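Written out below as structure tokens is the structure these notes cover.
The values are calculated or read from the model by the stated rules, or taken from the named source; none is laboratory data. Since we're looking at a predicted model, the values are computed, not measured. Note that we place each Cβ from the backbone using ideal geometry, even for glycine, and neighbour counts take in every protein chain shown. Each accessible area value is taken on the protein alone, full model and side chains, heavy atoms only, with ligands, DNA and RNA left out. Shrake-Rupley method; radii C 1.70, N 1.55, O 1.52, S 1.80 Å.
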Amino acid sequence: MNEAQSLQQAIDEPVRLVEYDPAWPARFDAERSRLRERFPAELIEVQHIGSTAIPGIPAKPIIDVMAGVASMAVADALFQPLLEHGYVTSVEFNASLTDRRWFMRHANGRRTHHLHVVVHDGELWRQRLAFRDALRADPTQAERYAALKRELASRHGTDREAYTRAKGEFVRSVIGPGQSLGQGAR
């Protein structure tokens, strides 16, 4: 499989959940180190978010990384350097985002990492950490989320955007009414 074929297969990859893998935090740590080494001045903080950051629950085996920057202007300035650092993205998708920039790494036709570049300590930064931390602190709530994810993955297995949107009500119930975690990841 060549690079173009791998990318297309990763883009079209269905929603597939796997049981929690204790290696996910180490995979995050390795990616955080790689990013911090290349962008030490630009990245204020790098956090592990998403379901791979919540022990015990199933997830798409994709490490979600949130990198905090000083402003969206800094996020935009990182666009090309991140592409040169092994990430890919959709210019069209990013044009639809106001609160972040989104990138993906892949290998062998599978997504390996999603990178969300957001304003450090901004609304989206705080919401995503609040959601992760709430599920880490409450195993009952985490299990409810796991059950919802399994049901939605079976219902929306070929539509990542629908899968992400369908989790919205649960997310709002955890972080508060009127809140969201931003638009989904392609």
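Quick one: which residues, 5 or more positions from Val15 or on another chain, have an amide H under 5 Å from its amide H? H modelled 1.01 Å from N in the peptide plane, none for Pro or chain starts.
Residues meeting the criterion, in which the H sits 1.01 Å from N, are Thr158, Asp159.
Using a 1.4 Å probe and ignoring any ligands, DNA or RNA, find the accessible area of Ser96 and quote it in Å² to the nearest 10.
60 Å²
Mind listing the phi-derived Karplus ³J(HN,Hα) values for segment 110-119, rounded to whole Hz, using 6.51, -1.76 and 1.60 with θ = phi - 60°, and x for any glycine or proline?
Each residue of segment 110-119 in turn: 10, 5, 10, 9, 10, 10, 10, 9, 9, 5 Hz.
Starting at the first residue of segment 24-37, write each ³J(HN,Hα) from the Karplus equation 6.51 cos²θ - 1.76 cosθ + 1.60 with θ = phi - 60°, in whole Hz, x for Gly and Pro.
Couplings: 4, x, 5, 5, 5, 4, 5, 5, 4, 4, 4, 5, 5, 5 Hz.
Per DSSP H run of at least 4 residues, take -39500 (n - 2.57); add these up for the chain, divide by its residues and hand me the 222 nm value, nearest 500 deg cm²/dmol.
Helices in the chain give a 222 nm mean residue ellipticity of -14000 deg cm²/dmol.
Would you list Asp99, Asp64 from the most to the least accessible area, probe 1.4 Å?
Correct descending sequence by accessible area is Asp99, Asp64.
Just subtract the alpha-carbon distance of Arg110 and Thr158 from 0.36 nm times their residue separation and send over the number in nm, one decimal.
Fully extending the segment from Arg110 to Thr158 adds 15.8 nm.
In the neighborhood of Phe170, defined by Cβ-to-Cβ distances under 10 Å, what is the net charge if each Lys or Arg adds +1 and each Asp or Glu adds -1?
That works out to +3.
What FRET efficiency do you get for Asp138 and Ile44 if R0 is 25 Å and r is their Cβ-Cβ distance, rounded to the nearest 0.05?
0.35
Shape verdict for segment 86-166, please, from the Cα gyration tensor: rounded (a/c under 1.5), prolate (a/b greater than b/c) or oblate.
Oblate.
Might you tell me the accessible area per residue for the chain, computed with a 1.4 Å probe and given in Å²?
Accessible area per residue: 48 Å².
Quick one: 3J(HN,Hα) in Hz for segment 60-77, Karplus 6.51/-1.76/1.60 with θ = phi - 60°, rounded, Gly and Pro as x.
For segment 60-77, the Karplus curve yields 5, x, 10, 7, 8, 10, 10, 10, x, 10, 5, 6, 5, 4, 5, 4, 5, 5 Hz.
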